[in-house]
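K.L.:
One structure follows; several queries about it will come next.
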Amino acid sequence: MNIDIPFLERWKSKMLTGHKTATSRSKRYGNIGDTFTCFGVTFQLVDVSKQTLTFVAVHLYDFEGCSSPEQFRRVWEELHPRRGYIGSDKVWVHRFEKVAEITGDEGSAPCLTWKKAIRCPGKR
């Protein structure tokens, strides 16, 4: 299913280079396998889980495109000025990978190329 997940322009280069592969949100935007297009590129959700903000800050800050837990906290507070950062709050973590469609030999099914795997419909 194709979904919409909004991202600020400042995340563009990190997403396109694979330095941001997760986004934590207060609501769930999709399920594993769903795709979204952002900055002209298609991404696919590879994991969706509910975690505390503290867990995200400590263990997933780099997947979020941040250089440290402190930077993740600052970004979260900037984006959520009313509530701020409360470590015990539960959020939905959406992990994603860039997906590109390529075509194989004439008459063969298109393949989806991922960072870690190649999956071709009808092929093993």
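Just so it is clear, none of the values below were taken in a lab; they were calculated from the coordinates. Note that the structure is predicted; figures quoted are calculated from it, not measured. A quick note on method: Cβ atoms are made from the backbone with ideal geometry, for glycine too, and the neighbour counts reach across all protein chains shown.
K.L.:
For the pair residue 82 and residue 47, what calculated FRET efficiency results from E = 1/(1 + (r/R0)^6), where r is the Cβ-Cβ distance and R0 = 30 Å, to the nearest 0.05?
P.N.:
Values: r = 28 Å, r/R0 = 0.95.
The computed FRET efficiency comes out at 0.60.
K.L.:
Evaluate E = 1/(1 + (r/R0)^6) for residue 16 and residue 58, where r is the Cβ-Cβ distance and R0 equals 41 Å; express this FRET efficiency to the nearest 0.05.
P.N.:
Numbers: r = 26 Å, r/R0 = 0.64.
After rounding, the FRET efficiency stands at 0.95.
K.L.:
For segment 1-65, treating each Cα as an identical point scatterer without solvent, what Debye log10 I(q)/I(0) comes out at q = 0.18, 0.22, 0.24, 0.29 1/Å?
P.N.:
For segment 1-65, the Cα-only Debye profile gives -0.67, -1.02, -1.20, -1.49.
K.L.:
Please identify every one of the chymotrypsin sites (Phe, Trp or Tyr not before Pro) in segment 20-89 that sits in a loop by DSSP and has no more than 13 other beta carbons within 10 Å of its own beta carbon.
P.N.:
The qualifying sites are 39.
K.L.:
Another one. Round to a whole angstrom and tell me the spacing of the C-alpha centers of segment 77-97 and segment 1-40.
P.N.:
Between the Cα centre of segment 77-97 and that of segment 1-40, the gap is 15 Å.
K.L.:
Net charge within 13 Å of residue 6 by Cβ-Cβ distance, Lys/Arg positive one each and Asp/Glu negative one each, not counting residue 6 itself?
P.N.:
+2
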